[in-house]
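The values are calculated or read from the model by the stated rules, or taken from the named source; none is laboratory data. Not measured: the values here are computed from a predicted model. Note that each Cβ is placed from the backbone with ideal geometry, even for glycine, and that neighbours are counted across all protein chains shown.
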Amino acid sequence: MPAYRLTLYKRSETVWRYCQMTANGSGKLTTAFGICGSTPSRLSETALPPGAEPFGAVKEAGTRWRGEGYDYPRRLDMQIMSLHFSLPASSGWPAGAPWFEDWKTFYQEPIENGLAETANGFPNGSHRAKGRLVLYFYILDAAAARATVEQVAALAPISFPMEVHIGPQPIRPGINLDKGMPVPLSDMYKGFEQMALTLAEASQSVVFHTVTLTPQLVHEPSRQRVKGLPAQNLLQGLRERWGFECNLWPPLGGEAKSEVAVLREWTPGLETHLSGLVQQRLQLPAYLLDCEEGIFTIAPKNIFRGVYEGVVFDAGMEWIIYFSHQNTITFGGDWLVEAVRGMAFAEKG
């Protein structure tokens with residue numbers, strides 16, 4: 001059963017204190033108290049009533065602590081930490097880059113975990129520019145947040161150049177173009193980059209709830225990230241078997257290594273039509289390659305839930321389903337292509 005968490009804050013002069021409530025299927029509600037930027041100084045556990053769901057239990061506890069003066073912080077009470085990573089040039093989405101696994105394992109995840117464990121901030125978007133990847137975080141204690149980042153960088157066995165900026169607004173990356181690029185093309189590129197930067201900045205305008213308490217999902221047992229060498233081996237298998245590298249793939253461009261079938265949009269009845277066939281052929285575990293976040297094991301029931309940009313496949317790699325950011329769906333594998341072609345709207349890839 002998934003766990004849910006809700007963190008509320010109370011300001012005492014210059015110090016931010018937190019109250020963090022967590023519940024899962026264990027039948028207990030754990031409440032942690034501390035000062036932002038530090039691990040909890042006090043923990044308490046209470047038994048949940050029989051049949052109580054974690055989400056509802058956390059929300060009810062949050063309502064009680066709100067009565068004690070804890071609440072969401074106001075946007076003006078928080079600062080934005082922008083982490084600018086200089087990374088080797090690569091094409092396609094981040095998860096296909098040679099540096100991705102090391103960067104994700106030794107930088108992004110430890111920084112996010114460190115801020116979460118000390119209730120001193122949370123992620124609020126990212127932006128990719130040429131040669132740069134920027135992460136944004138809302139934080140309360142700037143000095144402690146910077147110390148968390150510096151400690152992670154010092155312990156990382158792989159070094160990636162990084163700049164830390166903290167202030168009331170996000171620091172946006174500059175737009176760098178190759179010398180000699182034709183003016184019309186450079187102008188168009190700058191336009192696209194500027195649009196992307198504007199959207200990234202707009203994503204920082206988080207609506208901080210002041211009325212409805214909303215516990216956040218902490219852990220979903222059916223989705224676990226695959227790390228290190230196993231992840232690299234799966235990526236290599238996708239390249240060799242299907243020609244998929246987190247880059248263009250039919251119908252958006254690029255080529256597949258075998259015939260595929262394409263749906264230009266989600267078709268009603270798709271899951272009903274194909275899920276039984278997939279279950280018969282499934283070789284566990286089932287995987288999701290999210291081209292921004294990496295490779296995850298997933299529950300078979302989630303195969304047709306779709307992702308923003310990425311592919312679903314299994315341990316046998318004899319079939320593949322590509323969900324694109326343009327809402328197209330591409331199918332590979334002889335038996336799967338044949339099944340999809342039996343649907344009215346399928347196209348040959």
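Quick notes on this one:
- When PHE122 is tested against (1) at pLDDT below 95; (2) of a type in the set (Phe, Trp, Tyr); (3) buried (at least 19 other Cβ atoms within 10 Å of the Cβ), just one condition goes unmet, and that condition is (3).
- Pick from the stretch 105-119, criterion of a type outside the set (Gly, Ala, Ser) and crowded, with 19+ Cβ neighbours inside 10 Å, ranking: nearest to VAL15 (Cα to Cα): THR118
- Breaking point among (1) surrounded by 14 or more Cβ atoms within 10 Å (Cβ to Cβ); (2) over 15 Å from PRO215 (Cα atoms), for THR7: (2)
- Counting only residues that are modelled with pLDDT of 90 or more and of a type in the set (Val, Ile, Thr), the stretch 254-281 holds 3 of them.
- Matching entry among GLY96, GLY69 (being touching a residue at least 12 places away in the same chain (Cβ under 8 Å) and over 26 Å from the mean Cα position of the chain (by Cα)): GLY69
- Verdict on SER12 being free of Cβ contacts under 8 Å to residues at least 12 places away in the same chain, polar (S, T, N, Q), more than 20 Å from ALA145 (Cβ to Cβ) and not assigned by TED's automatic domain parsing to the domain that holds PRO170: no
- Pair list, Cβ < 6 Å and 6+ apart or interchain, from the stretch 317-339 residues that are in the same structural domain as PRO251 (by TED's automatic domain parsing) and free of Cβ contacts under 8 Å to residues at least 40 places away in the same chain to residues that are of a type in the set (Gly, Ala, Ser) and surrounded by fewer than 22 Cβ atoms within 10 Å (Cβ to Cβ): PHE323/GLY306
- In the stretch 76-99, the count of residues that are out of contact with any strand residue (DSSP E or B) (no Cβ under 8 Å at 6 or more places or on another chain) and under 21 Å from TYR138 (Cβ atoms) is one or more.
- Of the set (1) aromatic (Phe, Trp, Tyr); (2) buried (at least 21 other Cβ atoms within 10 Å of the Cβ); (3) over 17 Å from PRO251 (Cβ atoms), all apply to TRP335 but (2).
- Of all residues assigned to the stretch 234-249, at least one qualifies as being under 22 Å from ALA286 (Cα atoms) and modelled with pLDDT under 90.
- Conditions (1) of a type in the set (A, V, I, L, M, F, W, C); (2) modelled with pLDDT of 95 or more; (3) over 14 Å from PHE85 (Cβ atoms); number of the one not met by ALA116: (2)
- Residue satisfying all of: in the stretch 125-160; part of a helix (DSSP H, G or I) and of a type in the set (S, T, N, Q); surrounded by the most Cβ atoms within 10 Å (Cβ to Cβ) among these: THR148
- Sub-9 Å Cβ pairs linking a first residue in the stretch 134-161 that is not assigned by TED's automatic domain parsing to the domain that holds ILE111 to a second residue that is in a helix (DSSP H, G or I) and at pLDDT 95 or above, at least 6 apart or interchain, number zero.
- Restricting the stretch 17-64 to residues that are of a type in the set (Phe, Trp, Tyr) and surrounded by fewer than 20 Cβ atoms within 10 Å (Cβ to Cβ), the residue that is farthest from THR118 (Cα to Cα) is PHE55.
- Test: residue in the stretch 305-318 that is hydrophobic (A, V, I, L, M, F, W, C), at pLDDT 90 or above and in a helix (DSSP H, G or I): no
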